[in-house]
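Okay, so here's the structure we're looking at.
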Amino acid sequence: MIPLILPEWQAPTNVKALATTRAGGVSPPPYESLNLGDHVGDSPRNVEENRRRLSAQLGPRLEIGWLSQVHGTDVLPMESYRAVDNCADASYSRSPGKACAVMTADCLPVLFCSAYGNEVAAAHAGWRGLQSGVLERTLEHFDALPADVMVWLGPAIGPERFEVGAEVREAFMRVDPQASLAFQPSGDKYLADIYLLARQRLIAAGVQKIYGGNYCTVGQPELFFSYRREKTTGRMVSLIWFE
């Protein structure tokens, strides 16, 4: 059985969401063990088996929308999903049984659902995508007003480990001067709070119910892959769908 992290939020009962850890798969080190990324150097056979195990646990009728992520802001409607060439950093679904999925290993996975249980989305928010507006672009696909959308922030690099240069701070402050609150000096660099940056952007967009943001992928190696910690490593996935 693959261990799963389930969001603690007030989503409608027909909405299902989860994040995987690094446990429960077949990949050898440095991808040990449930690597779900097919772009990190792991054996394609291992990745296929890891994905098969996850699909078997969740049920064969669920379609998982795997993306080719590029740290951008494109949002793919799951109704347009194809088996290959799904280049986007977020996906949106208004169809039951179609799971939006984003893979991460320090970047922030953000899951969205409407209060009515008929719209869901997932976004991959590295700092570039977050600064460029991937969360706002994802919200634009919802028929529900932002006040009727709730969000869960999945496992990402924590504020004590995310060291960035001054140019990253300046890029966020060009969009919102209040972003300075998410950066603490660290020598000639800064420690960035990606969870706070995401909350600031979501609140500014009108989202009122924001949950999660309690993990650190770098500081919890027993649970999570971390690109910053390990460089060559696997990927977790965060999923959301409705029944």
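The values are calculated or read from the model by the stated rules, or taken from the named source; none is laboratory data. As the structure is a computational prediction, the values presented were derived from the model and not from experiment. All accessible areas refer to the heavy atoms of the entire protein, side chains included, with ligands and DNA or RNA removed. Shrake-Rupley method; radii C 1.70, N 1.55, O 1.52, S 1.80 Å.
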key: Ellipsoid equivalent to region 128-216 - semi-axes via the Cα gyration tensor, in Å   = 24, 15, 10
key: Å² of accessible area per residue within region 184-224, as computed with a 1.4 Å probe and no ligands counted   = 50 Å²
ask   = Can you list the lysines whose alpha carbon sits under 29 Å from that of LYS231, skipping same-chain ones fewer than 8 residues off?
value = LYS189
key: Alpha-carbon Debye profile of the chain, log10 I(q)/I(0) at 0.12, 0.14, 0.17 Å⁻¹   = -0.63, -0.87, -1.28
ask   = What is the Cα centroid distance between region 147-174 and region 201-219, reported in whole angstrom?
value = 9 Å
task = Could you work out the Kirkwood radius for region 69-111, taking every pair of different alpha carbons, averaging 1/r and inverting it, reported in Å?
result = 11.1 Å
inquiry  = What is the percent carbon and sulfur in the accessible area of the chain, measuring with a 1.4 Å probe over the protein chains and ignoring ligands?
reply    = 49 percent
key: Length-normalised contact order for the chain - Cα pairs under 8 Å, 6+ apart - percent   = 26 percent
ask   = Pulled fully out, how much extra length does the chain show between LEU181 and ARG52, if you take 0.36 nm times their separation in residues and subtract their Cα-Cα distance?
value = 42.2 nm
ask   = What does the convex hull of the Cα atoms of region 51-190 come to per residue, in Å³, rounded to a whole number?
value = 124 Å³
Long-range tail of P(r) for region 1-121 (Cα pairs > 25 Å, %) = 22 percent
Share of Cα-Cα pairs in region 23-78 lying beyond 12 Å, as whole percent = 68 percent
request  = Would you kindly find the accessible area of HIS124, with a 1.4 Å probe and non-protein molecules such as ligands, DNA and RNA excluded, rounding to the nearest 10 Å²?
outcome  = 10 Å²
key: √(5λ) per eigenvalue of the Cα gyration tensor, region 63-135, largest first, Å   = 19, 14, 10
inquiry  = In Å², and per residue, what accessible area does region 1-111 have when probed at 1.4 Å with the other protein chains present?
reply    = 47 Å²
query = Given only helices, namely DSSP H runs of n ≥ 4 each adding -39500 (n - 2.57), what is the per-residue ellipticity at 222 nm of the chain, to the nearest 500 deg cm²/dmol?
reply = -6000 deg cm²/dmol
key: Expected-Rg normalisation [2.2 N^0.38 Å, Cα atoms] applied to region 193-243   = 1.43
inquiry  = Out of all DSSP beta bridges in the chain, what portion is antiparallel? Express it as a percent rounded to 5.
reply    = 75 percent
